[in-house]
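The values are calculated or read from the model by the stated rules, or taken from the named source; none is laboratory data. None of the values given here were measured: they were computed from a predicted structure. Positions of Cβ are generated from backbone atoms using ideal geometry, with glycine treated the same way; all protein chains shown enter the neighbour counts. Just so you know, the surface numbers come from the protein's heavy atoms only, side chains and all, with ligands and any DNA or RNA stripped out. Shrake-Rupley method; radii C 1.70, N 1.55, O 1.52, S 1.80 Å.
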Amino acid sequence: MRVPRVFTDQPLQAGSTVTLEEAPSRHLAKVLRMTAGRELILFNGQGGEFTATLTEVGKKAVEATLDAFTAEDRESPLDLELAIGLSRGDRMDWVIQKATELGATRITPLFTERTEVKLKGDRLEKKKEHWRQVIISACEQCQRNRLPTLAQPQALADWLAAERTAGTRRFVLHHRDSKGLPAQEALTHVSLLVGPEGGLSEEEIEQARAFGCEPLTLGPRVMRTETAPVAAISLAQYLWGDWR
């Protein structure tokens with residue numbers, strides 16, 4: 001039987017007993033119907049994971065005692081950021097989930113010219129918390145022990161002007177260009193810029209290029225906003241990450 005992996009947003013130490021948050025407690029008790037004595041794996045996003053044993057399963061809370069610690073991160077050596085225009089419906093959830101599974105280290109939602117999603121105030125904060133839960137669930141599934149950073153949603157112009165780690169190469173997906181990824185170079189810091197439904201406007205692409213973003217095409221077919229980042233991240237992980 002598969003041992004569940006559970007994220008908890010609290011300090012962890014071998015030998016200690018922790019009370020899990022409401023959502024994971026409810027999932028373990030009511031969905032998985034786990035009982036005291038069952039094994040699970042706990043991680044808190046700080047790196048590594050703990051084996052643990054359920055010691056109490058109540059109606060409102062679940063307690064677990066931490067056993068051995070394993071310093072396993074499963075992180076790619078490639079520092080990869082996905083900056084993507086906000087999209088409607090569940091497309092954004094899907095992109096965030098897959099980017100996490102594929103090893104992105106930072107995800108930055110962008111407001112662009114063709115972004116149709118309007119978010120601000122409380123609605124923006126609720127959406128950010130929802131996306132964080134998507135990331136947590138993806139990390140539980142794919143066995144990552146560090147959560148990728150979810151950046152504050154921002155205007156494309158602000159993202160372009162922000163400082164970057166020295167040596168970062170930035171690429172803007174542009175299906176009307178013909179340049180691919182520089183396969184012969186050894187890169188360690190990469191940012192991928194992808195537009196929303198309808199893509200980035202010509203003016204935005206030119207603006208991105210003026211700020212040093214290199215055009216990147218993924219072949220002759222036009223991909224959807226949720227497909228393009230999956231293809232681009234996969235190629236980057238193969239060329240410079242841990243897919244070889």
Subset of segment 123-170, residues of a type in the set (Val, Ile, Thr), assigned to a loop (DSSP other than H, G, I, E, B) and open to solvent by 40 Å² or more (accessible area, probe 1.4 Å), comes to 165
Subset of segment 194-225 (residues that are of a type outside the set (Val, Ile, Thr), more than 23 Å from the chain's Cα centre (by Cα) and open to solvent by 70 Å² or more (accessible area, probe 1.4 Å)): 202, 203, 206, 209, 210, 211, 220, 221
Condition met for residue 166 (modelled with pLDDT under 90, small (Gly, Ala, Ser) and over 17 Å from the mean Cα position of the chain (by Cα)): yes
Restricting to segment 1-36, what's the tally of residues that are among the basic types (Lys, Arg), part of a helix (DSSP H, G or I) and surrounded by fewer than 14 Cβ atoms within 10 Å (Cβ to Cβ)? 1
Take segment 230-244 and flag every residue that is over 15 Å from residue 169 (Cα atoms) and either part of a helix (DSSP H, G or I) or small (Gly, Ala, Ser) (or both). 230, 231, 234, 238
Need pairs with beta-carbon distance below 7 Å; first residue closer than 30 Å to residue 220 by Cβ and in contact (Cβ under 8 Å) with a residue 60 or more places away in the chain and within segment 149-177, second part of a loop (DSSP other than H, G, I, E, B) and of a type outside the set (Phe, Trp, Tyr); sequence gap 6+ or separate chains. 156/112; 171/213
Say we look at segment 226-240 and pick out the residues that are open to solvent by 20 Å² or more (accessible area, probe 1.4 Å) and of a type outside the set (Asp, Glu); which of these is nearest to residue 165 (Cα to Cα)? 240
